[in-house]
Ligand SMILES: [Zn+2]
């Protein structure tokens, strides 16, 4: 089963472990809640327990997509406080020992980027800029079927690009006025609460916007403007052939995409004004699939 890899997705709320084939098929998978507050030992024990359930003889490689920035040796160099003590974990070393097979570790959004570039919306393109818009905003850059890590594993982290709108909003990374502080689902829900005093989830805000609620429309329009402007200016650095956006925030559809495309085009240079900005083709399983593909392409 050399064309099948053990794949692991370590997220803030759940851990997913499966067998992934080279064509992206998930042959089998199991999941468990992430013991986020219990520290790295508990997370690694959960991965190993799920892996024992799904692994088969002949599967000799493992790929991992994980929350946090991943260093050159597959160690977690930084992570949000949501996963207690996750930063500093030598993840590749720990899992290689525990699973008894070579392990490739990459950041979760970089794994999503690999999935989309090899099999999804950016398939056949020489380069892509990928964004994952959910509770946070992640990003990845792919070139020639590979995801760029950069010097410190940070390449593509578009969520921490400065926003053109500066209201002093805190970003979960500790910075101020980054894209994530305006265009994540969490940020939009917070902004709606600030404006109206009412709690609403993103889907509700979308419904309210469609029925003419001006605050809901403003929140979405502002997020789309910031998102598009950052994409346009960031892609002047990356010069990607296509921009792919995935994640729960894409449920906003054209309410987000149409104004974001216009803002991106406004900021883009020359021929990159024509760059397509398209929704991702894979959903919540993209990280698991990308992790498996990372192991298979490393072989
Ligand atoms: Zn930030």
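For the listed peptides 264-272, 50-58, 159-167, 174-182, a ranking on the average number of other beta carbons within 10 Å per residue, highest first, reads 174-182, 159-167, 264-272, 50-58. Stretched out straight at 0.36 nm per residue, the stretch from residue 72 to residue 273 would grow longer than its current Cα-Cα span by 68.9 nm. A crude spin-label estimate for the pair residue 218 and residue 81, with each label 7 Å from Cα along the Cβ direction, gives 3.0 nm.
Here each label is just a point 7 Å from Cα along the line to Cβ, and for residue 101 and residue 204 those points are 4.4 nm apart. Can you classify the chain as rounded, prolate or oblate using the Cα gyration tensor, where a ≥ b ≥ c are the square roots of its eigenvalues, rounded means a/c under 1.5, and otherwise it's prolate if a/b beats b/c and oblate if not? Note, shape of the chain comes out prolate. When the chain is treated as a GNM with alpha-carbon contacts under 10 Å, the residue of 11, 253, 74 showing the greatest mean-square fluctuation is 253. Here the extension length gained between residue 28 and residue 194 equals 55.4 nm, from 0.36 nm per residue of separation less the Cα-Cα distance.
Counting pairs of alpha carbon atoms under 8 Å apart in space and at least six apart in sequence, what relative contact order in percent does region 123-279 give?
Value for region 123-279: 24 percent.
Here the simple spin-label model places points 7 Å from the Cα toward Cβ, and for residue 173 and residue 148 these points are separated by 1.5 nm. When the chain is treated as a GNM with alpha-carbon contacts under 10 Å, the residue of 129, 256, 208 showing the greatest mean-square fluctuation is 208.
With the chain treated as a Gaussian network of Cα nodes joined by springs under 10 Å, which of 195, 143, 261 yields the largest mean-square fluctuation? In the Gaussian network model the winner is 195. The alpha carbon centroids of region 51-105 and region 267-299 are separated by 22 Å. Across the chain, the relative contact order, built from alpha-carbon pairs under 8 Å that are at least six residues apart, equals 21 percent. Helical runs (DSSP H, four residues minimum) scored at -39500 (n - 2.57) apiece and divided by the length of the chain put the mean residue ellipticity at 222 nm at -11500 deg cm²/dmol.
Once C-alpha pairs closer than 8 Å and six or more residues apart are averaged by separation and normalised to the residue number of region 148-230, the relative contact order reads 26 percent.
Throughout, read-outs are computed from the coordinates displayed, never taken from laboratory work. All of these numbers come straight from a predicted model, not from anything done at the bench. Because the Cβ atoms are built from the backbone with ideal geometry, glycine has one as well, and the counts that use them run over all protein chains shown.
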